[in-house]
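Worksheet: the structure to be examined is printed underneath.
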Amino acid sequence: MALFSNIIISPKPFVLSCSYQNTHLSKTPQNTKQDAIFKIKGPATLSGHITISGSKNSSLALIAATLCCSGSSLLHNVPNISDIQAMASILCSLGAKVESFDGKMMVNSDGVGKIEVDLEEMRKIRGGFFVIGPLVARFGEAVVALPGGCNIGKRPVDLHLRGLRALGAVVELRDGKVCAHTANGKGLVGGRFRLDYPSVGATETLMMAASMADGITLLSNVAKEPEVVDLARFLNDSGASIEGAGSDTLVIRGKSQLYGSECVIRPDRIEAGTFMIAAAITRSCISMSPVIPSRVSCLIDKLSEAGCKISQVDQHTLRVSAVPELYPGDDLKSFGIKTSPFPGFPTDLQPQIMALLTTCTGSSLVEESVFDNRMSHARELQKLGARIQVNGNSAIVFGKDKGSSLCGSRVIARDLRGGASLILAGLAAKGTTEIHKIEHIERGYENIVTKLQNLGADIERSTLPSLSSLV
């Protein structure tokens, strides 16, 4: 079994993906007009140990990659979150057979009979666009709507499309849909393509397409993220020939056929990072596993710089302590970050870090260089008493000695990671925090309420009459 097979993953309930009767992402009938919310009473002190779920972003790419494979693929440690269910629904709508049980997902795409993804399904999840590469490579054509997902700025797919053209595909835009097919009924052919920017989505889409192209493909300036490495390993285990994953250049020797394989999804580095920051913002001590320390090394460095004590208990377990010592003035100190592609500081942890910095001493500069509109959480943090000055894609965050004082309030999760930052702020704030639009958060965090409750947080999920005036 490939990918992290030496880690023991505890069994967990999962639903049959094609029916989507989710037990913890409960839905309210539309005519009742109710909103699900998180209610948090703070300030909290956390303690104990949590299990980190499988990576959302790796899972999405690997599920799409099963479309490249003949026969069945079995994925272990798949998180039970709404994004995964949406991706499974996309595959089911194309004719694939998807079964989910006990944290596993079995996919057989031999029955795929459609090449057009349902528009409503695509609107739910940006990762659904991944399927364009496998569909064109294996079935010769694809019709995919432009992707949905979080509203965090411009995330164009032009790199995906130009890369497919470099592999011999004919690609057109019609009525908000991408229509792609192989030329003259032939398959994709190997080629050369340099990405203008090391986009993870474009890298993964083109890797999947090139793995079944005729000939050798050279992709340069590609993303180095761990999720790219995970996808390459899965494809190689399925019969592909991909070299260079984790570097800025990929050499892919196309194969006429790939076969289903079995792997374990590696732990989610962003979830691990979020809980590391939870320990810091509540000045607590918690441990977590499984974690791959090299995948969160940037965060370890920054939290250590602030004054946290981080230790590796064993190969896959980290302990994070921000418990204040007895001497005066011993508190976490401010630090600056600038997001960048891996191995730089991850953009998916920028909102959570901003929440933490409001509780540190001093002022900090937060610079967002990956997305052009990832500061909407600052306005919600301000509702909780944070003092933050936003200027374009940068923000100055003033710590608790510079005017920030977190107190409970009603806030809105406007995207996935911004919503996570509000949970963290709510844990540190005095009083009760209500977070609305939590469907964004539940896209990417499995059982986050239960996990926090097990650490001692006073948090609950409930429903209230819809407050559309909040939006």
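Points to keep in mind about this one:
- Scanning segment 210-240 for residues that are of a type in the set (Asp, Glu) and within 21 Å of residue 298 (Cβ to Cβ) turns up 225, 227, 230.
- Matching option when the condition is more than 19 Å from residue 399 (Cβ to Cβ) and outside any strand (DSSP E or B), among 319, 295: 295
- Whenever a residue of segment 284-298 is in contact (Cβ under 8 Å) with a residue 60 or more places away in the chain, its partners that are basic (Lys, Arg) and part of a helix (DSSP H, G or I), lying with C-beta atoms within less than 8 angstrom and at least six residues away or across chains, give the pairs 291/269; 292/269; 295/269.
- Of all the residues in segment 108-125, those that are part of a helix (DSSP H, G or I) and buried (at least 19 other Cβ atoms within 10 Å of the Cβ) number 3.
- Note on segment 166-187: among residues that are under 15 Å from residue 143 (Cα atoms) and of a type in the set (Lys, Arg), the one that is most open to solvent (accessible area, probe 1.4 Å) is 174.
- Taken over segment 87-96, residues that are open to solvent by 10 Å² or more (accessible area, probe 1.4 Å) and in contact (Cβ under 8 Å) with a residue 60 or more places away in the chain amount to 2.
- The single condition among (1) without any contact (Cβ under 8 Å) to a residue 60 or more places away in the chain; (2) open to solvent by 50 Å² or more (accessible area, probe 1.4 Å) that residue 448 does not satisfy is (2).
- Residue tally, condition closer than 19 Å to residue 220 by Cα and more than 29 Å from the chain's Cα centre (by Cα), over segment 170-200: 4
- Top-ranked residue of segment 27-44 - restricted to ones that are at pLDDT below 95 and assigned to a loop (DSSP other than H, G, I, E, B), ranked as least open to solvent (accessible area, probe 1.4 Å): 28
- Residues that are in contact with a Lys or Arg (Cβ under 7 Å, 6 or more places away or on another chain) and crowded, with 23+ Cβ neighbours inside 10 Å within segment 55-79 comprise 55, 58, 67, 68, 75, 78, 79, listed in sequence order.
- Hey, residue 293 surrounded by fewer than 23 Cβ atoms within 10 Å (Cβ to Cβ) and in contact with an Asp or Glu (Cβ under 7 Å, 6 or more places away or on another chain) or not: no
- Restricting segment 188-220 to residues that are among the acidic types (Asp, Glu) and in contact (Cβ under 8 Å) with a residue 40 or more places away in the chain leaves a set whose member that is surrounded by the fewest Cβ atoms within 10 Å (Cβ to Cβ) is 214.
- Filter result for residue 251 (part of a loop (DSSP other than H, G, I, E, B) and without any contact (Cβ under 8 Å) to a residue 40 or more places away in the chain): no
- Only listed residue being under 22 Å from residue 124 (Cα atoms), among the small types (Gly, Ala, Ser), open to solvent by 10 Å² or more (accessible area, probe 1.4 Å) and at pLDDT below 95, chosen from 369, 468: 468
- Among the residues of segment 348-363, the one identified as under 17 Å from residue 376 (Cα atoms) and open to solvent by 20 Å² or more (accessible area, probe 1.4 Å) is 348.
- Matching residues, segment 375-388, being more than 20 Å from residue 333 (Cα to Cα), open to solvent by 10 Å² or more (accessible area, probe 1.4 Å) and in contact (Cβ under 8 Å) with a residue 40 or more places away in the chain: 376
The values are calculated or read from the model by the stated rules, or taken from the named source; none is laboratory data. Please read these numbers as outputs of a predicted model, since none were measured by experiment. All Cβ positions, even for glycine, are placed from backbone atoms using ideal geometry, and neighbour counts span all protein chains on display. Please note that ligands, DNA and RNA were not included when accessible areas were found on the heavy atoms of the full protein model with its side chains. Shrake-Rupley method; radii C 1.70, N 1.55, O 1.52, S 1.80 Å.
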